[in-house]
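> Pasting a structure below so you can have a look.
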Ligand SMILES: [Ca+2]
């Protein structure tokens, strides 16, 4: 009796622990990415509006398959990331399908504090700010929101932002949202808070 109990108890205990971890994990607050103050430009002097973008044209299924950036073609800058393209043109690429984009620039956090970012993408995307990868959803999928991405800003300024993105086919979406310190609804990161060096 005791032996049988012990034989059952091990696996049950393991299953219980797994269940506990599975339930507990989503409730844990994500650690905020702390942006290094040294990465910030003090002001936007010399920056041009919007984000720079370079395109490669390929039908990939995963971000890791994107390549050929040396042959990438620069496209018109992106004033904001607020693209719900449906089946139309992907960003400013001139194509409706089979597009990879390397997006580079700066994002302006105008005061210190706890900011939240959020990404909506279709298909794959990776967001890096001040050299820290905040989010990756690298596969083919329909429109999908990230969880809120906490960013701790110690010093106001313009921080380097990079996004890798691809659209395989069908509908395409790429949107970047934020919620400033103090809460409030997510809004599309405004054009005034984005810039690029233009070369
Ligand atoms: Ca798609």
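> PRE reach from residue 104 (point 7 Å along Cα→Cβ): which of region 40-55 fall under 11 Å by backbone N?
52-54
> Tell me, what does the Kirkwood hydrodynamic radius of region 87-181 come to in angstroms if you use every pair of distinct C-alpha atoms? Could you put the intermediate results ahead of the total?
Details: mean 1/r = 0.0722 Å⁻¹.
Across region 87-181, the inverse of the average 1/r is 13.9 Å.
> Apply 1/(1 + (r/R0)^6) to the Cβ-Cβ distance of residue 169 and residue 145, taking R0 = 22 Å, and write down the FRET efficiency to the nearest 0.05.
Calculated value: 0.55.
> Quick one: if you stick a label point 7 Å off each Cα along the C-beta vector at residue 95 and residue 37, how many nm between them?
Spacing of the two 7 Å Cα→Cβ label points: 4.4 nm.
> Just order 64-75, 147-158 by mean Cβ neighbour count inside 10 Å, highest at the front, would you?
Values: 64-75: 12.7, 147-158: 17.6.
Result, highest mean Cβ count within 10 Å first: 147-158, 64-75.
> Quick one: if you stick a label point 7 Å off each Cα along the C-beta vector at residue 84 and residue 64, how many nm between them?
3.3 nm
> How far apart, in nm, are the 7 Å Cα→Cβ label points at residue 152 and residue 30?
With each label point 7 Å from Cα toward Cβ, the separation is 1.6 nm.
> Sorted by average packing, counted as other Cβ atoms within 10 angstrom per residue and highest first, what order do 162-172, 181-191 take?
The peptides rank, most packed first, as 162-172, 181-191.
Read the figures in this text as sums done on the coordinates, not as results from a lab. As the structure is a computational prediction, the values presented were derived from the model and not from experiment. As a convention, Cβ positions derive from the backbone with ideal geometry for all residues, glycine included, and neighbour counts pool all protein chains shown.
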